[in-house]
Amino acid sequence: MTSSAQPPGAHLPEHPDFLWDDPEPKSSYDVVVVGGGGHGLATAYYLAKVHGITNVAVLEKGWLAGGNMARNTTIIRSNYLWDESSGIYEHSLKLWEGLEDDLGYPILFDQRGVLNLAHSLQDVRDSVRRVNANRLNGIDAEWVDPAGVKEICPIVNTSPDVRYPVLGATYQPRAGIAKHDYVAWGYARAAHAMGVDLIQNCEVTGLETSGGRITAVETSRGRIAAGKVALCAAGHSSVLAKMVGLRLPLASHPLQALVSELLEPVHPTVVMSNAVHVYVSQAHKGELVMGAGIDSYNGYGQRGSFHIIEQQMSAALELFPVFARAHLLRTWAGIVDVSPDASPIVGLTPVGGLYLNCGWGTGGFKATPGVGDCFAHTIAHDKPHPFNEPFTLERFTTGALVDEHGAAAVAH
Amino acid sequence: MQLIPCPWCGPREEAEFHYGGQAHVAYPEDPAALTDEQWAQYVFFRENPSGPFAERWSHHAGCRRWFNAVRDTRTHDLLAVYRVGEPMPEVTA
């Protein structure tokens, strides 16, 4: 066997046995981060690294990165429409580009590009507008016709005789994928090395306030006093915020994804289609990784309905006839916190010392480094970073929404 | 596939239904009198509980009528269904 015919995954790095400790919680921390997923771990990392705040605990009710961080489809891109979104997502993409060196840990970040397909005249108009908006914001983007789509991804069916023909696509060459678990482990390891306590099996059951200021968190492992508390709980954000009487404009929905068995490399890029509800890439190891639109109902059960998978598979097969013989290996769901304008909520709350990072809905993974950096800044300075300043809770009252339903690319 | 008990048609497959979000959210009697904060609450803010949730469904591929249900959002168990205009029944999750 030649080296070019290695089995899938043979080039992956060896993994060390031990990356972080499993400490008992201390009675008090300067900052308690609630949620040990990507956003929580990244926030703790940048608090320690950029702001020198190391008396920090990350509390996770299950195991580190076992929620949406383990369930997403790992797509990274920054081709959003509005200036506000371009700011934070492009900041994030730039951090992704240096993250492996920054963390000293392999994350298999692979800039293989993303195609966002257009299937109708309105799609085409919206897509071209988005390309122009991206370019004005210094983000790499181009409009490609069906022949261009075929050139970038030869397995896409661009013939005109399908139900929703491909009329073209936006293409962002710097977009790509990363190995989600390695990203979480890289952040956890680096945060731990700077003194952050990563505490698993520790569910927050109450938030204690005094005089309009947060003072402690009640947990399944006892009371922990906290100077500041930062919520990074994605689908469970509403439940936590309610502990201090704060209502959030969020709905928690199941979002499903699936993988095929391991296949030879057939899919060189990432393909997303808003109109037919599917997005596909091929993981380094060889699985086809696909995501669907959200299940319509609210749900905290981390599972969705099978007809959503059926719909997603029919769309995938129409676009990629070559997938017809691939076997479905497993499906799962995460709980996504969907906001009314498909943009996140990151910033201060009416409670002093309590900070909110939620509403990322179906697209939080790509933002992991960017929001970790900006949220840490927000916590350290008690003031939003310029990149998350537009994403306040107040915008739902003032009307300054950031409507990203087009570029968010997953049906809400 | 999950079966949803339509109060008129009986149990039918979930794919016959459309979801309508939280039930019992009344249109404000005098919208012009609301503050921005109150209007925002009406337009954008809904309950999002982990547990029993009163919500609206439409049997769009059947009788095409709207009805209400109490469903546990953790298990997706339908604890009760009731017709529009009826009060929310007591349920135990």
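The values are calculated or read from the model by the stated rules, or taken from the named source; none is laboratory data. Not measured: the values here are computed from a predicted model. Here the Cβ is made from the backbone with ideal geometry for all residues, glycine too, and neighbour counts use every protein chain on show. Side chains included, ligands, DNA and RNA excluded: accessible areas come from the protein's heavy atoms. Shrake-Rupley method; radii C 1.70, N 1.55, O 1.52, S 1.80 Å.
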Query raised in the report: Out of B:LEU3, B:TRP57, B:PRO28, whose Cα points farthest toward the positive end of the dipole of chain B (charges: +1 Lys, Arg; -1 Asp, Glu; placed on Cβ)?
Result: B:LEU3
Query raised in the report: What order, most packed first, do the peptides B:25-32, A:254-261, A:142-149 have when packing is the mean number of other Cβ atoms within 10 Å of each residue?
Result: A:254-261, A:142-149, B:25-32
Requested in this report: Over the stretch A:39-98, calculate the relative contact order: mean separation of alpha carbon pairs under 8 Å at least 6 apart, over the residue count, as a percent.
Outcome: 19 percent
Report task. For the stretch B:61-78, list whatever residues lose no less than 10 Å² of accessible surface once every protein chain is in place, relative to that chain by itself, with the probe at 1.4 Å. Result -> B:ARG71, B:THR73, B:ARG74, B:THR75, B:HIS76
**Report entry** Mean separation of Cα contacts under 8 Å, 6 or more apart, over the residue count of chain A: relative contact order %
**Finding:** 23 percent
**Report entry** Given A:LYS49/A:LYS228; A:LYS61/A:LYS383; A:LYS242/A:LYS366, the pairs whose alpha carbons are separated by over 23 Å
**Finding:** A:LYS61/A:LYS383; A:LYS242/A:LYS366
Query raised in the report: Under a 5 Å amide H to amide H cut-off, with H placed in plane at 1.01 Å, what residues pair with A:VAL278 once short-range neighbours are removed?
Result: A:SER273
Report summary line: Under 5 Å from the placed amide H of A:ILE53, counting only residues 5+ away or on other chains, we find A:ALA48
Query - Average accessible surface area per residue within chain A, 1.4 Å rolling probe, Å² - result: 38 Å²
Requested in this report: Please give the average number of partner chain Cβ atoms lying within 10 Å of the Cβ of each residue in A:294-304, rounded to a whole number.
Outcome: 6
**Report entry** Test item: Cα-centred dipole of the stretch A:131-274, Lys/Arg +1 and Asp/Glu -1 on Cβ, debye
**Finding:** 660 debye
**Report entry** A:GLU389 paired with A:ARG330, simple spin-label distance in nm, labels 7 Å along Cα-to-beta-carbon
**Finding:** 4.5 nm
Query - Pairwise FRET efficiency - B:ARG64 versus A:HIS381, Cβ, R0 = 60 Å, nearest 0.05 - result: 0.65
Requested in this report: Determine how large the accessible area of B:MET88 is when every protein chain is in place; take a 1.4 Å probe and give Å² rounded to the nearest 10.
Outcome: 90 Å²
Report summary line: The local net charge around A:GLU389, scoring Lys/Arg +1 and Asp/Glu -1 for residues other than A:GLU389 whose Cβ lies under 15 Å from its Cβ, equals -3
Query raised in the report: Of A:ALA283, A:ALA324, A:PHE375, which is farthest on the positive side of the dipole of the protein assembly as shown, counting Cα position, with +1 on Lys and Arg Cβ, -1 on Asp and Glu Cβ, and the Cα centre as origin?
Result: A:ALA324
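Evaluate the charge dipole of the protein assembly as shown about its Cα centre and quote only its size in Debye, nearest 20, assuming +1 on the Cβ of each Lys and Arg and -1 on the Cβ of each Asp and Glu. Walk me through the numbers before you get to the answer.
On the way: 37 positive and 54 negative charges, 72 e Å.
In total the dipole reaches around 340 debye.
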Report task. Using only protein heavy atoms and a 1.4 angstrom probe, determine the accessible area buried between A and B, summed over both sides, in Å² to the nearest 100. Result -> 2100 Å²
Requested in this report: Give me a single rounded figure for A:251-261: the average over its residues of other chain Cβ atoms within 10 Å of their Cβ.
Outcome: 1
Query raised in the report: What order, most packed first, do the peptides A:345-353, A:218-226, B:7-15, A:33-41 have when packing is the mean number of other Cβ atoms within 10 Å of each residue?
Result: A:33-41, A:345-353, A:218-226, B:7-15
Report summary line: Zone reached by a paramagnetic label modelled 7 Å from B:HIS24 Cα along Cα→Cβ, restricted to the stretch B:72-93 with backbone N below 19 Å, covers B:72-74, B:77-93
**Report entry** Environment charge of A:LEU93, counting only residues whose C-beta is closer than 10 Å and scoring Lys/Arg +1, Asp/Glu -1
**Finding:** +1
Query raised in the report: Taking the Cβ-Cβ separation of A:ASP101 and B:GLN38 as r and a Förster radius of 51 Å, what is the calculated FRET efficiency to the nearest 0.05?
Result: 0.50
Report summary line: Taking every C-alpha to C-alpha distance in the protein assembly as shown and binning by 20 Å from 0, the per-bin percentages run 22, 56, 22, 0
